[in-house]
Amino acid sequence: MQSDGPILPLFHPLVQRWFSRTFSAPTEIQRGAWEAISRGDHALLCAPTGSGKTLAAFLWSIHRYLSGRASGRTLYISPLKALNNDISRNLRTPLEQIRRLATEESPESDPLPEIRIGLRSGDSSSSERARIMRNPPEIFITTPESVNIMLTSEGGRRNLSDIDTVILDEIHVVAGSKRGSLLMANIERLEALCSTSAPDGLQRIGLSATVRPLESVAAFLGGFAGDNSPRPVSIIRDGEKRRYELELKLGERVGEGWWDRQIPLLAEEINSHESTLIFCNSRRAAEKTAYLLNERFGEKVVFAHHGSLSREYRYWVEQQLKDGALKAVVATSSLELGIDVGSIDRVIQLQAPFSVSSAVQRIGRANHQVGGSSSALFAPLHPRDIAKSLAVMGEIFDGDIEPLLIPERPLDVLAQIILSECAGRRIPEAGLSALLRQSYPFRDLGSEEFDSVLEMLAGKYQNTRIAELGQRIIRNRDEGWIEGREGLRQLIYQSGGTIPDRGYFDLRIAGSNEKLGELDEEFVFERSLGDRISIGNRVWQIEDMDNQRVVV
C-alpha cells in the first residue's frame, strides 16, 4: 500500500519539519501506516525489525496532541520486559527534539501542549504507579499484565476510561499464546469502558514483525463489533525484502567436544567485529558461553543477558553494549525483540534456533536500520545441528516462516477474566459472555463452556482435595449475576497474568537479600546446597533454598 502523493502534510507543521530534518523520507511502511491511521482505520503494520513502524505509530499520536485533535489518551502495550530503551528512541527523543525545534524557531510563541509520558510495568515502584493514577499521562506505556491488574480495580478502570487509541507492539509475540488471549479479552473490556472518549470505538494499531498468516493476526487485532461483525483492519506490509548475508562455520577440531571447537571460532569473530550479539537457546547455554569466552580472553569482556537476571543488570548490559564498552553479549530471546542496543554488526546463532521466525528476529538485530543487510553466522553444536541450521537458513532466504496458531477459547484464561471483571462488584452474566465473544480467541465461546467455568469458580469442586478450586465468586442463577468474594482482588494482584510455562524462583544474595534475578524450576530442581552456579559473569554458591527462592 503506497501513495505517490505527499504524506508529511498530514502532520502538524512542527512534526513535518522535525521529520524532514531527521530523515530523508518516510519508509514504505510509514507512508502506508499514516494513510490508514489518518483515515481512522484499525491498522496492522507488518515489517522487519528496523523499518520504522514503532515511530510511525507514536508520531501520529504526537501529531494529534500538538494539533488538539485527540479526544482521549493513547495506550501503548508492549510484551517486552525492558520498555525504557525502545520508548526513549521512538517517543521521548522525538518529543524532546520537536520541543527544541519549536523553541529555536519561535522563542516568544506560546508553549506547545504538554504531552506527558507514563510507564507502568511489573518493575515500576509503588510511587510511580501512584503518580500515574493521580495524574494520567497523555501517552501511557504498559504491559499486558499491568492492563489486566488495572482493569481489576475501580481506580484502575477510572484511570483507563479516557483512552481512544491502543497501540499493540510486537503483537506476533502474544498472538500465539494464552497471554494474547487474555490481552485481547481485556482490550474488549477496555473498549466497553471507553465509550465516552471513543464513541466510535478504540482505534487499534498493531505492530508486527514478519508473520503468517497475516490475515489471522489482523482478525485477532480487530475482534468483533457488538453486532458480531468483524472489525475491518487495514493490513500494511513492507514490500521491501530484507537482505541477508548468512554463513555456517565450524571451528577447527581442538578437543573431544564441540564446545572446544566452536568457542575459539566465536572468540575470533568477536575480535574481528566492533560489536557482536551471540544468541543461545537456553539461559544455561548463555551463561556457559560467556564463561568459556571470558576464560579464553583472560578477562571479562563478554556478558550474559537473559530473563533470569535482574532488570538493573540487564539494563546495564544493554547500555554498555550500546555505548561500545562491550565487544559482545550472549543472550537468549531476551534481546530477540526491539530493545535498543545500538549498532550491531555481527549476530551469531550458537545452535539452530527453535523456529524460523525466531531466527529472522535475531538476525534482524544486525544492521538494525532501514535498508540494512543483516549479517549472521550459524555455529552448530553437534552434527545433527548442521542439517537443522542449513534448513533454517534456506527457509529464511525463501521467506518460509511457520504459521502462527492462535489459541481457541482457553478456559483457564476465561476463569481469570471472569474473576478480574467481577472483583469488588456485581455484574450480569449475559453481558460478560457477550463482551468476551467480541474478542477473537473467544468468538466461539459456547454457553456450556461459560457456564461450567462459572460453576467451578462458584465452588462446585471446593470439597475436593484440590485447594485451588475453592469458591471465588457468588453466583445468583435466578437473577443472572455474579460477584467476587472478599479477598479476590488480592489474589488477582498476586498472579497478574496467564499461568507461565514453568515456575520461577527468586535469586537473592545472602545477607543483603538483594534480588539478583530469577531461576527457572528445571534449573533449581537439579541443584543442591553448596553447588556453585555462574550467573551474570560471577560464580555464586547456593546457601539456602525453599519453594520460593534460592539464596546465594
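How about the range 291-335: which GluC sites (Glu not before Pro) there lie in a loop by DSSP and see at most 10 other Cβ atoms within 10 Å? Walk me through the numbers before you get to the answer.
Working: sites: GLU295, GLU299, GLU312, GLU318; in loops: GLU299.
Those satisfying the criteria are GLU299.
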Whole-angstrom Cα spans of the range 180-333 along principal axes, big to small: 68, 35, 29
Candidate aspartates and glutamates for bridging to LYS300, where Cα separation is under 13 Å - those fewer than 8 sequence places away on the same chain excluded: GLU287
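Taking only Cα atoms of the range 100-184, what ratio of Rg to Rh do you get with Rh as the Kirkwood inverse-distance radius? Don't skip to the answer; put the middle values down first.
Numbers: Rg = 16.4 Å, Rh = 15.1 Å.
Over the Cα atoms of the range 100-184, Rg/Rh equals 1.09.
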Estimated dipole of the range 135-280 in Debye, rounded to 20 [Cβ of Lys and Arg +1, of Asp and Glu -1, Cα centre]: 400 debye
Heavy-atom surface of the chain, accessible at 1.4 Å and reported per residue (Å²): 45 Å²
Built amide H within the under 5 Å cut-off of TRP481, gap 5+: GLU429, ASN476
Contact order relative to length of the chain, as percent, for alpha carbon pairs under 8 angstrom and 6 or more apart: 15 percent
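Is it possible to state the helix-based mean residue ellipticity at 222 nm for the chain, with each DSSP H run of 4+ residues giving -39500 (n - 2.57), the sum divided by total residues, to the nearest 500 deg cm²/dmol? What is it?
Details: 21 runs with 215 residues, N = 552.
Computed ellipticity for the chain at 222 nm equals -11500 deg cm²/dmol.
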Qualifying lysines (Cα of each under 26 Å from Cα of LYS53; at least 8 residues distant if same chain): LYS81, LYS178, LYS241, LYS322
Rg and Dmax of the range 164-236, Cα atoms only, in Å: 11.9, 35
Relative contact order of the range 399-551, defined on C-alpha pairs under 8 angstrom at six or more residues apart (%): 18 percent
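In debye, nearest 20, what is the charge dipole magnitude of the chain about its Cα centre with +1 on Lys and Arg Cβ and -1 on Asp and Glu Cβ, if you could check?
Working: 66 positive and 75 negative charges, 118 e Å.
My answer is approximately 560 debye.
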In the range 149-244, the trypsin sites (Lys or Arg not before Pro) that fall in loop regions by DSSP, at most 11 other Cβ within 10 Å: LYS241
Rounded to whole Å, sorted largest first: equivalent-ellipsoid semi-axes of the range 238-317, Cα gyration tensor: 23, 21, 13
Computed P(r) (all Cα pairs; the chain; 10 Å bins; percent): 3, 16, 25, 26, 19, 9, 2, 0
Fraction of alpha-carbon pairs over 23 Å apart in the range 350-445 - percent: 53 percent
P(r) of the range 422-498 over all Cα-Cα pairs, binned every 10 Å from zero, in whole percent: 17, 46, 35, 2
Angstrom value of the Kirkwood radius, inverse mean 1/r, which spans all Cα pairs in the range 123-270: 18.9 Å
All lysines inside 21 Å of LYS388 as judged from Cα atoms, apart from same-chain residues fewer than 8 positions distant: LYS249
Accessible-area order (highest first, 1.4 angstrom probe) of the listed residues ASP200, ASP169, ASP227: ASP200, ASP227, ASP169
Accessible surface of the range 168-257, 1.4 Å probe, proportion on carbon and sulfur as whole %: 49 percent
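For the chain, what proportion of DSSP beta bridges, expressed in % and rounded to the nearest 5, is antiparallel? Don't skip to the answer; put the middle values down first.
Numbers: 20 of 71 bridges.
The answer is about 30 percent antiparallel.
The values are calculated or read from the model by the stated rules, or taken from the named source; none is laboratory data. Predicted, not measured: the structure shown is a model, and the values here were computed from it. Positions of Cβ are generated from backbone atoms using ideal geometry, with glycine treated the same way; all protein chains shown enter the neighbour counts. What goes into the accessible areas is simple: the full protein's heavy atoms, side chains included, and nothing from ligands, DNA or RNA. Shrake-Rupley method; radii C 1.70, N 1.55, O 1.52, S 1.80 Å.
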